[in-house]
1. Does K335 satisfy being out of contact with any Pro (no Cβ under 9 Å at 6 or more places or on another chain), open to solvent by 60 Å² or more (accessible area, probe 1.4 Å) and without any contact (Cβ under 8 Å) to a residue 12 or more places away in the chain?
2. Can you name every residue in the range 91-100 that is under 11 Å from Y122 (Cβ atoms) and touching a helix residue (DSSP H, G or I) at 6+ places or on another chain (Cβ under 6 Å)?
3. Please go through the range 98-125 and give me each residue that is under 26 Å from F347 (Cα atoms), open to solvent by 50 Å² or more (accessible area, probe 1.4 Å) and touching a residue at least 40 places away in the same chain (Cβ under 8 Å), ordered by number.
4. Give me a count of the residues in the range 276-300 that are of a type outside the set (D, E, K, R) and surrounded by fewer than 18 Cβ atoms within 10 Å (Cβ to Cβ).
5. Across the range 234-275, which residue is surrounded by the most Cβ atoms within 10 Å (Cβ to Cβ) among those that are of a type in the set (S, T, N, Q) and touching a Phe, Trp or Tyr at 6+ places or on another chain (Cβ under 8 Å)?
Amino acid sequence: MKKINRKRDFMIKHNNHFHGSDLEKIEQIYHIKKEDIISFSANINPLGVSEELRKTLAEKIDAITTYPDREYTSLRKSIGNYVNTDYNHIIVGNGSTELISLFMEMIQPKNAVIIGPTYSEYEREISLGGGSSIYYPLREEDNFKLDITSLEKELKAEVDLLVICNPNNPTSSAIKTTDMRRILDLCKERDIFVMVDATYVEFADYMETITGIPLTKYYSNLLILRGVSKFFAAPGLRLGYAICGNIDLLKEVNKKKNPWTINSLAVIAGETMFSDEEYIAQTKSLISSERKRVCNILYECKNIKVFPPAANFVLVKILKKDITAEDLFENAIKKGLMIRDCSTFPFLDQKYIRFCFMSPKQNDALLKVLLESLN
């Protein structure tokens with residue numbers, strides 16, 4: 001396991017490394033209107049927000065004339081029904097980023113292990129609190145699946161926090177609930193808190209086999225983070241939530257938490273989305289079918305390696321010697337299609353790209369560009 005040098009590994013190496021939200025930068029550099037860009041980088045539900053949500057928000061716009069319930073009881077009950085857990089074990093926040101910050105402030109980890117490659121915000125929040133992080137690397141030869149026996153050797157006495165993204169971004173690999181229990185048992189014995197970011201779990205086939213929410217009833221050292229940005233296509237709503245069975249910890253976090261960080265319309269939106277069964281079913285069906293179809297096409301290309309995805313996106317390694325991730329990014333963006341060059345993720349290099357599954361027509365357009373470049 002290697003210590004990450006932030007200045008080296010997280011520095012933007014060239015102008016063409018973009019986050020899924022960087023459409024304004026794309027517009028300036030490539031002179032493509034952001035409205036004309038199809039982002040395969042943001043990992044957001046291609047269905048967009050549901051019609052039920054549009055209708056409900058329009059009808060209840062006057063809600064902004066009143067303060068929301070300080071305890072967000074009705075919203076937490078809606079989430080509890082959606083994820084099948086006690087609403088008293090749920091805390092809501094202004095996106096998962098606020099909740100990560102709050103829990104880091106409470107836990108104050110000094111030595112964290114982050115399973116990577118993964119989202120850089122975890123390390124940032126740990127460092128802001130004065131802690132340090134080391135990355136435990138998932139291995140390409142294992143298709144980026146976690147080796148628990150190997151991880152156990154790195155959970156040393158000084159470690160007080162383990163951070164896991166499940167399914168993981170950008171590898172799209174997932175840890176089964178049975179394996180997560182093994183990890184939690186190890187961490188419980190060693191007094192290590194476990195934070196699991198489950199942002200993409202709803203996209204997974206057989207979600208019940210990888211969700212960690214049932215485990216929060218039995219492990220006081222477990223926190224599960226989720227939100228509405230990706231599955232419900234609402235990143236601008238800034239609505240996140242966390243599930244934790246440690247009531248004492250939740251009480252302490254609530255004492256620190258600023259009141260009314262979620263606005264009245266976001267409360268209504270959340271309650272509407274979590275009960276919109278038709279939209280939820282349509283999303284799961286679309287992603288499941290397109291994930292299978294797109295990957296079956298990609299598997300036929302001899303110049304790439306496709307890592308089996310659990311989430312709504314796939315990680316691909318370029319095997320063709322004279323092609324890089326930057327090349328594919330350039331070829332795609334010229335057609336108004338934005339993919340993710342993964343060379344800024346720890347342990348990945350200029351040979352890795354990531355893209356999400358969109359509508360069949362959009363997926364076919366991207367496949368055409370990629371395969372023309374790779375074949």
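The values are calculated or read from the model by the stated rules, or taken from the named source; none is laboratory data. These figures come from a predicted structure and were not determined experimentally. Cβ coordinates were reconstructed from backbone atoms using ideal geometry, including for glycine residues, and neighbour counts include every protein chain displayed. These area figures cover heavy atoms from the full protein model, side chains too; ligands, DNA and RNA do not enter into them. Shrake-Rupley method; radii C 1.70, N 1.55, O 1.52, S 1.80 Å.
1. Taking the combined requirement at face value, the residue does not satisfy it.
2. Answer for the range 91-100, where residues must be under 11 Å from Y122 (Cβ atoms) and touching a helix residue (DSSP H, G or I) at 6+ places or on another chain (Cβ under 6 Å): just I100.
3. Those that are under 26 Å from F347 (Cα atoms), open to solvent by 50 Å² or more (accessible area, probe 1.4 Å) and touching a residue at least 40 places away in the same chain (Cβ under 8 Å): K110, N111, Y119, S120.
4. 11
5. Only one residue fits best here, namely S264.
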